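Report on the following structure.
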Amino acid sequence: MNIIMLGAQGTGKGTVAGLISEQTGLPQISTGDIFRKNISEKTPLGIEADKYISKGNLVPDEITVPMVEDRLTWDDAKNGAILDGFPRTIEQAEKLDEYLKSKGEKVDLVINLVTPKEEIIDRMLTRRVCTNPDCKATYNIKLHPPIKEGICDKCGSPLKQRADDSDPEAIKRRLEIYEEKTSPLVEFYKKQGVLRTETVSLSINRMGKDVAADIIKEIKK
Ligand code: AMP
């Protein structure tokens, strides 16, 4: 089963993907996490990607698409995957469709998370991530803080704020790019009949974990 997480930054795509991954065994493939791991290890891919990421821009398709296609050939993805942060443009979605078709597969479910804009910005500013690139756990100092301040519950490494979450210009740019380039994917997948839109908001007391629980129940039926 191939699942795609769609939604602006800070809507909780990583949280929902992580919970579904734990319960289904499908790997969570986050392009942002792969880039950040490469940046912290200063690989050639990381050095190139950082030029775009630090400004809040998209990494070019020539780098991103082969990276995802390669990741999908790993053994853990033989029954499908949860793509978190990819595709982000119609071109990427078309390339993904072609790639999956060549393997006799398709996109089975697109989970589109929607959150009011004021909440999104607040969540990006209060998000903290584990500095251990093999852990990558995500926290929110207001909504789900770690047990010990500044320390990851899962692996004990220090937490930090993502560079692109602390720069108001980069936040603004990422939200603009989402509107312009990524939001057309909602229509694209609606036409394919695979779209499921879910509101995640404090105002209705529905968070990522609630959405994940409902979807896991349905997948396991
Ligand atoms: P994320 O962790 O998903 O917010 O991604 C962090 C950053 O990585 C984004 O702001 C982009 O610069 C880059 N990135 C992640 N996924 C993609 C993608 N599918 N295409 C292009 N750039 C991406």
In terms of Cα to Cα distance under 12 Å, which aspartates and glutamates are near enough to Lys103, apart from those fewer than 8 places away along the same chain?
Glu69
With springs only between Cα atoms under 10 Å, which of Gly85, Gly46, Gly193 fluctuates most in a Gaussian network model of the chain?
Gly193
For segment 98-147 and segment 1-58, compute the distance between their C-alpha centroids and round to whole Å.
8 Å
In the structure shown, of Lys106/Lys191; Lys148/Lys217; Lys101/Lys181; Lys106/Lys142; Lys95/Lys181, the pairs separated by more than 26 angstrom at the C-alpha atoms are Lys148/Lys217; Lys106/Lys142
Given H placed 1.01 Å from N in the peptide plane, which residues other than close sequence neighbours of Phe86 have an amide H under 5 Å from its amide H?
Met5, Thr31
Which ³J(HN,Hα) values, rounded to whole Hz and listed in residue order, are derived for segment 11-18 from phi using the Karplus coefficients 6.51, -1.76 and 1.60 in 6.51 cos²θ - 1.76 cosθ + 1.60 with θ = phi - 60°, glycine and proline given as x?
8, x, 4, x, 5, 5, 4, x
Inter-probe distance in nm under a simple model that places probes 7 Å from Cα toward Cβ, at Thr197 and Ile151:
4.4 nm
The set of residues whose placed amide H lies less than 5 Å from the amide H of Val114, leaving out same-chain residues fewer than 5 positions away, is Glu198, Thr199, Val200
Estimated vicinal HN-Hα couplings, Hz - segment 63-74 in sequence order (Karplus 6.51, -1.76, 1.60; Gly, Pro = x)
8, 6, 5, x, 5, 6, 4, 5, 4, 6, 8, 5
Interchain or sequence-distant (5+) residues whose placed amide H lies within less than 5 Å of the amide H of Ile151 are Leu159
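Only four residue types carry charge here, +1 at the Cβ of Lys and Arg and -1 at the Cβ of Asp and Glu. Report the dipole size of the chain about the Cα centre in Debye, rounded to the nearest 20. All intermediate terms of the calculation are to be shown ahead of the outcome.
On the way: 35 positive and 36 negative charges, 103 e Å.
So the dipole magnitude of the chain works out to roughly 500 debye.
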Using a Gaussian network for the chain with springs between C-alpha atoms less than 10 Å apart, which of these wobbles most: Asp61, Asp153, Asp70?
Asp70
Per residue, how large is the accessible surface of the chain? Use a 1.4 angstrom probe and give square angstrom.
52 Å²
Quick check: from the Cα gyration tensor, does the chain come out rounded (a/c under 1.5), prolate or oblate?
rounded
Which value in nm describes the separation of the simple spin-label points at Ile216 and Asp61, placed 7 Å from the Cα toward the beta carbon?
3.6 nm
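Let me make sure I get this right: for segment 151-221, a, b and c are the square roots of the gyration tensor eigenvalues over alpha carbons, sorted descending. Under 1.5 in a/c it's rounded, otherwise prolate if a/b > b/c, else oblate. Which is it?
Working: a/c = 2.23, a/b = 1.16, b/c = 1.93.
Cα axes put segment 151-221 in the oblate bin.
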With every protein chain in place, the chain: carbon and sulfur % of accessible area (1.4 Å):
53 percent
3J(HN,Hα) from dihedral phi, segment 196-206, Karplus parametrisation 6.51/-1.76/1.60, rounded to Hz, x for glycine, proline:
10, 9, 10, 8, 10, 7, 4, 5, 10, 6, 10
Which of Arg127, Arg88, Arg71 fluctuates most in a GNM of the chain (C-alpha springs under 10 Å)? That residue is Arg71
Report the full-extension gain for the segment Lys142 to Glu187: residue separation times 0.36 nm, less the Cα-Cα distance, to one decimal in nm.
12.9 nm
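The values are calculated or read from the model by the stated rules, or taken from the named source; none is laboratory data. Remember, predicted model here, so these are calculated numbers, not experimental data. Heads up, the Cβs are rebuilt from the backbone with ideal geometry, glycines too, and the neighbour counts pull from every protein chain shown. The area values use the complete protein model at the heavy-atom level, side chains included, leaving out ligands, DNA and RNA. Shrake-Rupley method; radii C 1.70, N 1.55, O 1.52, S 1.80 Å.
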